[in-house]
1. Does residue 74 qualify as being in contact with a helix residue (DSSP H, G or I) (Cβ under 6 Å, 6 or more places away or on another chain), of a type outside the set (Asp, Glu), under 20 Å from residue 10 (Cα atoms) and modelled with pLDDT of 95 or more?
2. Mind listing just one residue for me: the one in segment 45-68 that is in contact (Cβ under 8 Å) with a residue 40 or more places away in the chain and surrounded by 14 or more Cβ atoms within 10 Å (Cβ to Cβ) and, of those, farthest from the chain's Cα centre (by Cα)?
3. If you check residue 10 against the conditions, is it within 24 Å of residue 103 (Cβ to Cβ), modelled with pLDDT under 90 and either out of contact with any helix residue (DSSP H, G or I) (no Cβ under 9 Å at 6 or more places or on another chain) or in a helix (DSSP H, G or I) (or both)?
4. Under 8 Å by Cβ, and 6 or more places apart or on different chains, what pairs join a residue from segment 1-24 that is closer than 22 Å to residue 49 by Cα with one that is part of a helix (DSSP H, G or I) and among the aromatic types (Phe, Trp, Tyr)?
Amino acid sequence: MASVELLVKETCNAAVTGVRRGEIKKSDIDRVIEVALRLSSKNVKMFPQAELMESAIRIALGNSLTIYDSLYISLAQTLRAPLLSLDLRQEEVAARVGIESAKP
């Protein structure tokens, strides 16, 4: 599995958002952080975002997509790998640029 180096930050941000919405207990946040850090250091090969930025900007501008979402599409292009996402818009753009979708 591969990801842009934003993975831990995005996971922790989603957890904080979950706490704010009452979907995650505040007492569980430390466990979320621990698991995110462990997974990212052992099970996921991380790629620097700077190397993907030029391509991501082209994807973002050409498809009205965020840089964040475009970085993952750019990584999939670079690795010639399918994109695993629950974001339908991101999947649509990925398909438009020739990236297969890997369903969870």
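The values are calculated or read from the model by the stated rules, or taken from the named source; none is laboratory data. Just so we're clear, the structure is a prediction, and the values are computed from it rather than from any experiment. Every residue, glycine as well, gets a Cβ built from its backbone with ideal geometry; the counts of neighbours run over all protein chains shown.
1. When the stated conditions are applied, residue 74 passes them.
2. For segment 45-68, the residue satisfying everything is 52.
3. It is true that residue 10 is within 24 Å of residue 103 (Cβ to Cβ), modelled with pLDDT under 90 and either out of contact with any helix residue (DSSP H, G or I) (no Cβ under 9 Å at 6 or more places or on another chain) or in a helix (DSSP H, G or I) (or both).
4. Here the result reads 3/72; 4/72; 6/68; 10/68, each pair linking segment 1-24 to a residue that is part of a helix (DSSP H, G or I) and among the aromatic types (Phe, Trp, Tyr).
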